[in-house]
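The values are calculated or read from the model by the stated rules, or taken from the named source; none is laboratory data. As the structure is a computational prediction, the values presented were derived from the model and not from experiment. Virtual Cβ from ideal backbone geometry, glycine too; neighbours counted across all protein chains shown. Accessible surface areas use protein heavy atoms only, side chains included; no ligands, DNA or RNA. Shrake-Rupley method; radii C 1.70, N 1.55, O 1.52, S 1.80 Å.
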Amino acid sequence: MSIISTDISCSVAISLSFTSLKGISGLASSSWLQPSRMAAIYSGIHVKLKSSRTPWADKLKLARFAWISPQCVLPNKEQVLFDWTSHALTCYYGKKAELPLSVVEGLWAYLDDILHSKKLQKALSQGKALSLRLALAQVISERVLECVSGSCPVSQSTVLSICQGILSSPALATTYTTKYELLVELVSRLCALACSKLGPQSAWEPLTAQVFEVLLQAVGSYLAVQRQQANPNRVFSQVAAHLLQPLLLLRHLLATRAWLPEDDGHVRHHLSREVRNKVDAVLQSALFTADHLPSYKEELLPEKEVSSTKKGPTAKGLLSPASTILKKLCESGFCDPSLQFAVRSNSLPLLFKFALDAFSKGGDDNTVCFLLLTRFIAALDITEALTLKDTFDSGNWSLALLTLENLLNLSLTADIYNVAADRIHHGEAQFNFYRKVAQLLLSNAQTAIPAWYRCLKTLLAMNHMIIEPDLDDLVCCSWIDSDCEDLRVNKAREVLISSVFQTYEKLRQLPRLLQEAVEVICRPAIDKFRPPVLTAALQKSLGQCILNSPHSQSLEMCTLILGRMQRFLLPHLQEDEDMALKLFSLTVLLHSILFSVKSLDDGTPVPILKRAQNIMEEMLKVIRSLLGHLDAHTPGSLWFDKALEATLLLSYTWVEVDTLFKIHCSKYVSLGTEDSGSPRLTERRICLLPCVAVKEWEKVALKSKECSSANQLLRELLALQRMKQILLRTDVLLDENVQEVLGKVARFIVRTGASSLTQPFGALWDGQIGTVDDSNYPVAHWFHVTSNLPLVAPYLSQEDLSCLAGFLLNSLLQGEIRDASNQENCLSVTLISKHLLDSSLLVELAPLYSLVVKSFLQRIVGILRSSAGHRCCKALATFEEAVSAEAEEEMEASVEESSEASPSLRRLLSVSRETLSLVRTGAAISLSRTQTEHLLHLLKVSRTLKPDGMSSEDHSAYVLLLFFIASTFQRDSSTEPAEAVRLLKEVYSLMTFLQTGKNVGSVLKVLHGNELLEAAITSLFSHCSMSVLETVDSTAWLAFLQVVQDFLRCLIQTIINRKKSVRLNLEKFTTFMVENEQVAAALSASCSKLGVEKLKPLQLALAAFCTLSRVMTSSLGESEKMDETLAPLLEKCVISMGPAVQSSLKGEACRLLGQSFTVEIVTGMLEAELAWTSCLASSGEGAPTKSRLCHMSLYKTFSQQILRELSSSSRPMDFISSSLHFLSAYHSALESIQDPGQKDLFHLVVQNLRKLLSAPWLSVSDMQKLEPTVGQLLAQLVTRSPLEQFQHLLAAVGEDLGAQVSGGRHTEVLSAVTLSKLLASCPLPETHSKAFWLVAPQITSAIVSAVKECGKDRSLTESLTVPALQALAALLRWGEGVLQNPHHVTLAFGALPFVQLEHPSPAGYHSVFEAVHETLFAVVQCHPQVTLSAAPSFLNCFYRLVVSIMHEGRQRGDTEKGSEEETDALLKCARLVERMYSHIASVAEGFTVLSSFVVAQYVCELQKVTLQPEIKSHLTEGVYRILDLCSEQDIRFLNTALQPGVREVFGELYDGYTHYHKTQRQGEEKYTV
C-alpha cells in the first residue's frame, strides 16, 4: 500500500519528517519535534524542494510527507507538489537534469500515488483548480511508446496507472481533451502497446486487464472529444493518418486471438468486446458520416452524375477519402508482414459495413456503396478488371474468399443491387461486375475452401443470371467433379448445390439444370473414378425440389436421362469402363428422381399418365439392352461390375415405381409380362428382374454372385420387392408353395450378406445406394435387414433367427458407436443394432427377441464355463440346456403361459436347486481380469433389454443366471478388487432392474423368496470374508452396499405385493437373519477392536436388517392381516439391531462405519420401532407408545450429536441429508409419545437449519439438492407445532431477511430466502397459514430489496439472486387467491430490472434467465388481473428477456461459436420466451391493445441481429401467437409507424405468419367444437 493512502498520525509524520530532514538541516536535536519548529520547516519546503543542495532522495521523501501531512501549509499545495513532480520529470527527460534511476522511478511512483490518493480526489471535489502540464503529458506519451518497444526503464504498470489516474479525472484530462492531436497520439500508442501484448511474439503470454482498461478509458475519452469536433474533415484526417492502422490491427488481434486458460477472464469476456465496440464507434463516426457523403460521391461517381447532384455552393470536402483509407490499409510496415493481408482482409468488411450503415439510403447513395464495394474487392490484390494481380499470394486465397463472402453478404443484406434499376439507369453496371466476380471464382476454382462455395451461393441469391452463363462450370466444379472429403467443405458444397436446386425449382427450370449435370457427367472425366453424384444431403434437397415440381418437369428429366443413356452411352458401352461409370452415375440420378416424384393416381391427367408409361417402357428397353451386353461377357472386370450395378439398380427402380403406380393409379397398365392372374408368383424358381425369363435371370444371378457388394445389395432389394408383391396378393397367401417361396426369398435376403457380417464394424454408410462399396456393404445389408424385419422374420427358420440374434449381440459387443458430430446422418452396424435393441420393434417379434435374450445368456454362460470347476460346470451345463431353444414347439411354449410346467421351466427348477446347493457349500468360479472385463461389458450391454419383452421363462433364466454370478463369483490374483466390486454392483443392479414390469416376481416361480434372500445374504457374507470385498475402499463398498439394499428392498417388496406365502417367506427370512451364525457373529463383534475392513460384515448385517424393517414398515396399514404378519417380525428386527447399533455408536466405530450409513441405520431402526409400537397400540395389544420405545435414550443422545455436528463445519451431502431425515423421524417419535422435549427440539432444529442454510461451504448445487429434504423436515416441524413456535420461526426468517447483503451477510439472507420458499409450499394448518400470508408482503418486500442489492455485485447473481427470485416466484404462485392487494404482487416488477442477465457460463445464464421468467410467469398465470393493470411494467421486464436471448442467440463467426452446452442453454431460454408469448396470447382480452406494441418491440430488436435458426424458430412461433391478437388496423399501424428497415423485417415476419401459422390455425379452428 502506498504511503499516501496510509492513515498516519501527526506524531509519526513529525518523527518521520525529522528523520528524513536530518541530512538537510544538519540538526538532530529533539527540539525539532516541537510543533512550532516543525511549522518553520514546512514554511520553507518550497525552497528546499527547489534547492540544488538538497539531495534528490531527500527531496522525494520531503515531498511525500509534505503531501500527507496536515502541518504543511502551502498556498495551493496540491498544484505546487504536482508541478514540482512534473517539472522534475520533464527536466530529466529533457536532458536538463541528471537523476539516478531509483529517483526517477520514485518520482513516477510518487506521481502515481498522488493521482490515486483520496486527498487529491477530495481537493478536486471541493473545486480546487488542478492542471496537468502539457510537457508532462508528452513525457507520459513517450513512456507509453517506450513500453511498446520494451525499452522503458520505468515499470509499465506505473505508467499505465498514471494514465488511468489522469484520464479518470476530468480536471487533469483537460490537457488531453483540449489538445486533440495529443490525445490522438496517446490512443495510437496505447493501441500499439495492446497490440504488442496480443501479437504473435506474445501469443503464449497470459493477458492482464490493466492495458485494456487504460486503453478502453483512453478510447472512450477520445470518442467523446471526437464527437465534439466541429470540423469533420479534421477528424477524418487525424483518424486516417494516425489511428486507422493501429485500431484495425488491434481489432483484428482481439477477434482472432486464441485465448489461453491463463488469460484474465475480464479481458476475454468483457473488455475485449467493449474495446471492439469503441473502436467501431471511432472509425464509423470519423470515416463514414453524412457530412462525408459528398466527398465520396465526388471521388466515386462519374463527373456528370456528381454535377447533377450538386445544388448550390458546398463546403470544401475531403480529397479522395476512399483512396486515402485504402492506401493506409494497404501500406506495409504498420504490423508484422505475416499479418498484413489478414488485417486488410478482416478490416474491409468492417469498413464496408460502416459505409452501408451511413450511406445506404437508396438512389445514388446505393451506387456510392456499390462503387465502394468494387474498390474494396480490388484491395484484395485483384485488378479493377477482376483478375488476379501478379503480387497475389495463392496462400491468401482462404482469407480473400472469406472477405469476399462477407462483402457480398453485406451487399445482399443492404439490398444495394436492384436488378431493374441497375438495368434501366446504370446499364447493368452492377450485374456486369458481379458477372466478373463469378468468372473470377470459377476460373480460379478453390474447391477445398468452404468460402468459395458460399461466395457463389450469395451471387446466386442476388440474381441467378449472374451464374447462368457459367452454369456448366458451376455444376462441374462444385458438384459433379468436386471430391474434397473435408466435412466443412462438403457442408458448404451441399448448401450451394441445394440452393441451386431450390432456385431452379422456383424458376421451374430444373430440367435445364439437370441437362447441364447430365452433360457434365457424360464429358470425359478428369479422374477415372468420380465421387458419388448425390450425397445424403443433396438427395434430400433434390427430392424435395422434385416433389414441389409439376409431374411434367419430373418426367421430362427422366426422359432426358434415358435418352442420353440410349443415344450416347449404350452404343459405346462395350468394355468401356468410363462409359460404364457414366452409366451408373446417370442410373443413380434417375433412381433419385423417380423415388422422389409424385406418384400417379386416379386424378392424374391422361397425357402425364401416357408419358409415365412411355418412360417405364423406355426403362425396360434399356434394361434388356444392358442384359444383352452382360450376357456376352464374363464377370471379374470393373466394366462388368458397373454395368451390372446399373442394370440391377434400374431394375429395382422399375419394380418399385411400377408397384407404386399400380397401387395408387387404377388407369396405369403395368408393362410386365406377368399379369394379375399369372401363376409365376407361386413358382419356386424366382425371377427378380422385370419382364425377363427365368433362364435369363439365372444366368445373371450366377454371374452376379462373383460381383461387387453393391450388386449383392441390389439383389436383396429386388428380392424384397418380390416378397412385397407376393404379400400384396392376399388370394394366394394360403398356398403352401407361396409360403415356401416366401421362406426362400426371406432366406436369400438374410443369407446373401451373412458372410460380410463377420468383418470389423468400423465402416460408415450415408444411406445412398450409389455409395455402397465393399467396406460399407455390411452396414447397408444390416440396415435393410433390420428395417424390414417385420416383413422377413415370420418366414425365417429358427437357425436364421439365431444367426440374426447372434450377429446383433456381436455387433453390440465388438463395435464402437462413432461420434455423430463428425459424420452427420451416417450409419454404422453398431449404431443400427443399438437403435434396434432400443426400439419397440424387436419386442413385438417375440421369437426373435427370445433368441436375442438367449444369446446374451449363452454368451454369459460361455464366459463362466471357461473357468468353472466340475460342480459349477455341471450346473452351467444344465443352465445352458435350459436356455437353449431346441425346437419351435418349446420356444412357443416358453412364450405362452401353460398350465403344466414346460421342459425349460423344469430345467430352471433344477438349476435353482443346483445354485442353492452351490451357495450352501461355498463353491466358487474364479474369473481372470480379462474374463471379468468381458463379463462386465456384456452385462452393461444387456441392460438395454426390456424386461416386459421377455417371456416368463427367459426372464426367470436371466435372473437366475445373474444370481448364480452373484453367488459364485470369485476373483483371481490378476483382478483388481475395484473391478470385482463393479461386476457385483452391475449384477445386483440388473437383478433390481429386472424386478419391474409384467414379469416381476417370475423368478419366484422356480425359487422361494426366502431361499433367494437367504442365499443372497449368505453369498454376500462369504464375499466379505474372502478377498472379493475385503480390500475394497470404503467409498466403493458403501456404493455397492446401497445397490445391495436396493435389490433386497425390491425383492422383499415383490414378495409382499405378490401376496402368496408372504408370512411364510418373511418369517423364514427374518428367522434366518436373527439366528444365522454369520449374521449373529457380525452383530456381536466388538466395534472398537475391528478395523475398517473387518467392519464390512457388521455393515452388511445392519443394512439388511434396516432394509427389511423399512420395507415392512412401509407396508403396514394395508390390511389388518398384513399388520398381524409384519408387526412381530418388526419387533424381532428392532430387538436384534439394538445392541449392535448401540455398540457401533461408541468410540471410533461410527467414523469407521461411515457417518451417513450410521445415521441411515439409526433412522431405519427408529421408524421401525415407532411403526411396530404404533401398530400394537392401535390394535389394543400393547401398552401406550411412550412405554414401548425401548431405545428412546439412544435416539435422544444421537439427536443431540446430530444437532452438534450438522452445521458446525463442512459435511458430506449424504450425511446432511440422512441427518435431516433422522430429525424428521425423531420429531415424529417425540410427538407420538408426547414428550415435553418436543418444544426444545423445534427451536434447536430451526436454529441449526438457519446455520446450515447460511453455511459458506454450502454451494448453490448443494442447496438445491437439500431443499426437498429440508422441506420435508420443515413440514414435519410446523404442521403440528403451536402457533407461538411458528411465529418464532417467522420472526427468525424476517430477521435474516433484514441482514445487509453488501455487509458480507448474504448467506444469512440466502438462508431466509430458502426457508421462505419452502414455507410457502408447506401444507400449513389454517392458523399457521393465516400467520404466514399476513407477513408474506413484508417477506416479498425484503426479497425485492435483496435482489436490488445483489444487482450491484455480479458475484452474487447465481448464489443469491437466483434463489431469491425462485422464492419470489414461489410466494406469488402459492399466494394465488391469498395475496389480495395488487401492490404486493407488483412489488416483483421492481426487482427484475436490477437482475444482471449476463453470465460467463451457459448454465449460469440459463438459471438467471429461468428465474426471471418464472417470476414473471407466476404473476401472469396466478394473478392475471394484476398483470393486466400493470401491463407496461410486466412487458418491460419481459422485453429484457427477449432482448437478452436475441443478443445471446445471434449468429456468430467460427471463432465465436459457442459450445454445445451453450447452445442447449440458449434453446431452453428461447423455449421459455415462446412459452410466455403463448400464455400472453391465451389471456387475449387484456393484451389485445398492447399486442402491436409487443410485436413492434420484437421486430425492432430482430432488425439489429441475425438469429440462429433454432432460436429464431422458437421466438417466431411465440410472436405468431401475439400476431393472432392483432387486428387488421394493428397491422396497418405497424406498416405505417415502423422505420423502413424495421418495416421490411416485419413484412417478412408477417408473410411467414400468413403462409404458415395463420392457415394452420384456421384449419384447426374449422374442426374445433
Q.
Please go through the stretch 1363-1395 and give me each residue that is open to solvent by 40 Å² or more (accessible area, probe 1.4 Å) and within 31 Å of the chain's Cα centre (by Cα), ordered by number.
A. Q1366, R1373, P1393, F1394
Q) Quick one: which of S1459, S1429, S1444, S1433 is modelled with pLDDT of 85 or more, more than 16 Å from S1407 (Cβ to Cβ) and among the hydroxyl-bearing types (S, T, Y)? A) S1433
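Quick one: is R512 assigned to a helix (DSSP H, G or I) and among the charged types (D, E, K, R)?
Values: assigned to a helix (DSSP H, G or I): yes; among the charged types (D, E, K, R): yes.
The answer is yes for R512.
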Q) Looking at the stretch 122-133, is at least one residue among the hydrophobic types (A, V, I, L, M, F, W, C), assigned to a helix (DSSP H, G or I), out of contact with any Phe, Trp or Tyr (no Cβ under 7 Å at 6 or more places or on another chain) and touching a residue at least 60 places away in the same chain (Cβ under 8 Å)? A) no
**Q.** Residues being surrounded by fewer than 17 Cβ atoms within 10 Å (Cβ to Cβ) and not in a loop (DSSP other than H, G, I, E, B) - total across the stretch 183-209
**A.** 4
Q: Looking only at the stretch 59-107, count how many residues are in a helix (DSSP H, G or I) and of a type in the set (G, A, S).
A: 6
Q.
Which of the numbered conditions does G767 fail, given that it passes all the others? Conditions: (1) of a type outside the set (S, T, N, Q); (2) assigned to a loop (DSSP other than H, G, I, E, B); (3) at pLDDT below 85.
A. (3)
Q | Hey, E1510 of a type in the set (D, E, K, R), at pLDDT 85 or above and more than 30 Å from A1320 (Cβ to Cβ) or not | A | yes
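Inside the stretch 1242-1254, can you point out the residues that are aliphatic (A, V, I, L, M) and open to solvent by less than 10 Å² (accessible area, probe 1.4 Å)? Working first, answer last.
Residues of the stretch 1242-1254 aliphatic (A, V, I, L, M): 1244-1246, 1249, 1252-1253.
Once the filter is applied, which keeps residues that are aliphatic (A, V, I, L, M) and open to solvent by less than 10 Å² (accessible area, probe 1.4 Å), the stretch 1242-1254 yields V1245, V1246, L1249, L1252, L1253.
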Q: Select from the stretch 1503-1526 the residues that are over 16 Å from D1464 (Cβ atoms), assigned to a helix (DSSP H, G or I) and among the hydrophobic types (A, V, I, L, M, F, W, C) and list them in ascending order.
A: L1515, V1519, I1522, L1523
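Applying the selection to the stretch 1527-1556, what residues are among the basic types (K, R) and within 22 Å of A1470 (Cα to Cα)? So that I can check it myself, show each step before the final result.
In the first step, residues of the stretch 1527-1556 are kept if they are among the basic types (K, R); the result is 1532, 1543.
Matches in the stretch 1527-1556: none.
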Q. Looking only at the stretch 363-377, which residues are open to solvent by 20 Å² or more (accessible area, probe 1.4 Å) and over 12 Å from Q430 (Cβ atoms)?
A. G363, D364, D365, R375
Q.
Can you confirm whether A1291 is of a type in the set (G, A, S) and open to solvent by less than 50 Å² (accessible area, probe 1.4 Å)?
A. no
Q. Restricting the search to the stretch 543-587, which residues are open to solvent by 20 Å² or more (accessible area, probe 1.4 Å) and β-branched (V, I, T)?
A. T559
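What about L808, is it within 22 Å of L714 (Cα to Cα), in contact (Cβ under 8 Å) with a residue 40 or more places away in the chain and outside any loop (DSSP other than H, G, I, E, B)? Step through it out loud before you land on a result.
Working: within 22 Å of L714 (Cα to Cα): no; in contact (Cβ under 8 Å) with a residue 40 or more places away in the chain: yes; outside any loop (DSSP other than H, G, I, E, B): yes.
Spelling it out, it is not the case that L808 is within 22 Å of L714 (Cα to Cα), in contact (Cβ under 8 Å) with a residue 40 or more places away in the chain and outside any loop (DSSP other than H, G, I, E, B).
Please give the helices (runs of 4 or more DSSP H) falling wholly within the stretch 1359-1454 in which 3 or more residues are among the polar types (S, T, N, Q).
On the way: elements: 1362-1374, 1382-1391, 1402-1422, 1424-1429, 1431-1448.
Result: 1402-1422, 1424-1429, 1431-1448.
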Q: Looking for whichever is closer than 19 Å to R530 by Cα, hydrophobic (A, V, I, L, M, F, W, C) and assigned to a helix (DSSP H, G or I) here; the options are V500, V495, V475. Which one fits?
A: V475
Q.
Which numbered condition in (1) free of Cβ contacts under 8 Å to residues at least 24 places away in the same chain; (2) within 21 Å of T208 (Cα to Cα); (3) open to solvent by 30 Å² or more (accessible area, probe 1.4 Å); (4) not in a helix (DSSP H, G or I) is the only one that P153 fails?
A. (1)
Q) For the stretch 767-782, which residues satisfy the criterion of being open to solvent by 40 Å² or more (accessible area, probe 1.4 Å) and in contact (Cβ under 8 Å) with a residue 24 or more places away in the chain? A) D773, D774
Q | Sole exception among (1) open to solvent by 20 Å² or more (accessible area, probe 1.4 Å); (2) touching a residue at least 12 places away in the same chain (Cβ under 8 Å) for I497, by number | A | (1)
Q) Which residue out of S69, S20, S15 is of a type in the set (S, T, N, Q), out of contact with any His (no Cβ under 6 Å at 6 or more places or on another chain), open to solvent by 40 Å² or more (accessible area, probe 1.4 Å) and modelled with pLDDT under 75? A) S15
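Listed here are the residues, each with its yes/no results for (1) polar (S, T, N, Q); (2) within 22 Å of L542 (Cα to Cα); (3) in a helix (DSSP H, G or I).
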{"position": "L586", "(1), (2), (3)": "no, yes, yes"}
{"position": "L589", "(1), (2), (3)": "no, yes, yes"}
{"position": "I593", "(1), (2), (3)": "no, yes, yes"}
{"position": "S599", "(1), (2), (3)": "yes, yes, no"}
{"position": "G603", "(1), (2), (3)": "no, no, no"}
{"position": "Q613", "(1), (2), (3)": "yes, no, yes"}
{"position": "E618", "(1), (2), (3)": "no, no, yes"}
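Please verify whether T1327 is surrounded by 14 or more Cβ atoms within 10 Å (Cβ to Cβ) and hydroxyl-bearing (S, T, Y), treating the condition exactly as stated. Break it down stepwise before answering.
On the way: surrounded by 14 or more Cβ atoms within 10 Å (Cβ to Cβ): no; hydroxyl-bearing (S, T, Y): yes.
For T1327, the condition - surrounded by 14 or more Cβ atoms within 10 Å (Cβ to Cβ) and hydroxyl-bearing (S, T, Y) - is not met.
Name the single residue, out of those in the stretch 1072-1091 being in a loop (DSSP other than H, G, I, E, B) and surrounded by 16 or more Cβ atoms within 10 Å (Cβ to Cβ), that is modelled with the lowest pLDDT. Step through it out loud before you land on a result.
Applying the first criterion (in a loop (DSSP other than H, G, I, E, B)) to the stretch 1072-1091 yields 1076, 1085-1086, 1090-1091.
Cutting the leftovers down to surrounded by 16 or more Cβ atoms within 10 Å (Cβ to Cβ) gives us 1076, 1085, 1090.
Values: N1076: 85, A1085: 70, L1090: 55.
For the stretch 1072-1091, the residue satisfying everything is L1090.
For every residue, the table says whether it meets (1) open to solvent by less than 40 Å² (accessible area, probe 1.4 Å); (2) over 17 Å from Y453 (Cα atoms).
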{"position": "S478", "(1), (2)": "yes, no"}
{"position": "K491", "(1), (2)": "no, no"}
{"position": "A517", "(1), (2)": "yes, yes"}
{"position": "P524", "(1), (2)": "no, yes"}
